[in-house]
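The structure appears below as structure tokens.
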Amino acid sequence: MKALPTVESDDALMQRLKGGDGAAFGELLGRHAGAVAGYSYRMLGNAAEADDIAQESFLRLWRGREKWEPRAQVRTWLLRVAHNLCIDRFRRREVVTSEFPEVADRRPSPAGELQRKQVGRIVVEALAALPERQRSAIGLVYYEGLSNIEAAEVLGVSIDALESLLSRGRRSLRQDLSHLHPHLGEE
Amino acid sequence: MAGTEPHPRGFRLGDATVNVRAQQILAAYGAAPQRWPLEERGTVLDALIQDSTIADAHRREAALDEVLAEAPSHLPSAALIARIRANAVPAMRQGWRATLSLLFSTPSVGFLRPVSALACAIVLGVLVGTLWAPTDDANAMAAEFVNLAFGHDFQAEPAFGSGLE
């Protein structure tokens, strides 16, 4: 019987990467580029900037490979770098929300009547309107599936503080998006 | 006391503290249990079954999760993956082997597999066709082989409709 192929752990790949193994870098890139680019996109609302941040995050992983400590998790480390780079970009922007895509028609309307794409754009705008730390918390936990411990580590906050950010962010979103779903306006 | 039997994990179901914590977890992490703190999942699930206010809260958070899922995602393109790799890994470590390996192994660019395979097949076909194109000698050898096999000189036979039948 043919044996199933084994998946090499991130730790094992990092050990190879420390030795300058380009194939290990390619494997890590394939595993985590989606999370890093996806998170950056939700933070910045701009695909080109998200790509730049993904590139810079991975370049930093490559450059810092020899100093890598096994206790860190690769995905958490990459997302923390991406998060810091996003924050730097926010600070350089005068009006953050102006860079998010415009929504053609923002009149309240039942979800069933809106095209899926329009609903998506409204959600993106609602996310963009959140304070950046609330948006980060929701991006990491809801969209990227990080555990509370991982997300708190990326943001440099306690679990309690993370939960507070998540709750406040979701409460604002529920209010802003209440016209999109019949159960959202309930209290 | 009815409804306050000690919970196996140390909580008392129906206890206000448990319900408050379940509400907090739903408000923070949403309706999907996989996003809840691992050590508290059982408690929230139990509270969800036993308390209608928790069930209502769960329904509201599920609606928000459903709407949030409509936000478009951004996946890194194959070009971005290649660019990052090219900028990071020194050129001397890369070669056609590494490039092919990336194209065929990276999950996010998996759609390139059939395209890459087709491109490789086309290039191989052109090379084979160019390098091993039949020459006059090869044609003559083939004709002689047929002649020996069938006792008939096909090359000497006039073409159909040439007027020499």
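The values are calculated or read from the model by the stated rules, or taken from the named source; none is laboratory data. Computed from a predicted structure; not experimentally measured. Every residue, glycine as well, gets a Cβ built from its backbone with ideal geometry; the counts of neighbours run over all protein chains shown. In case anyone asks, the SASA skips ligands and DNA or RNA and just uses the protein heavy atoms, side chains included. Shrake-Rupley method; radii C 1.70, N 1.55, O 1.52, S 1.80 Å.
Listed values, structure above:
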{"item": "Surface per residue (accessible, 1.4 Å probe) for the range A:9-98, Å²", "result": "42 Å²"}
{"item": "Range of Cα positions in the range A:9-98 per principal axis (Å), largest first", "result": "43, 21, 17"}
{"item": "Heavy-atom accessible area order for B:His58, A:His83, largest first, 1.4 Å probe", "result": "B:His58, A:His83"}
{"item": "Accessible area buried between chains A and B, both sides summed, probe 1.4 Å, in Å² to nearest 100", "result": "3800 Å²"}
{"item": "Accessible area of A:Glu56 in the full protein assembly, 1.4 Å probe (Å², nearest 10)", "result": "50 Å²"}
{"item": "Two-site FRET efficiency, A:Ala12 against B:Ala121, from Cβ-Cβ distance with R₀ of 45 Å, rounded to 0.05", "result": "0.85"}
{"item": "Cα shape, the range B:16-68, gyration tensor, a/c 1.5 rule", "result": "oblate"}
{"item": "Percent accessible area from carbon and sulfur atoms, the range B:16-68, protein chains only, probe 1.4 Å", "result": "56 percent"}
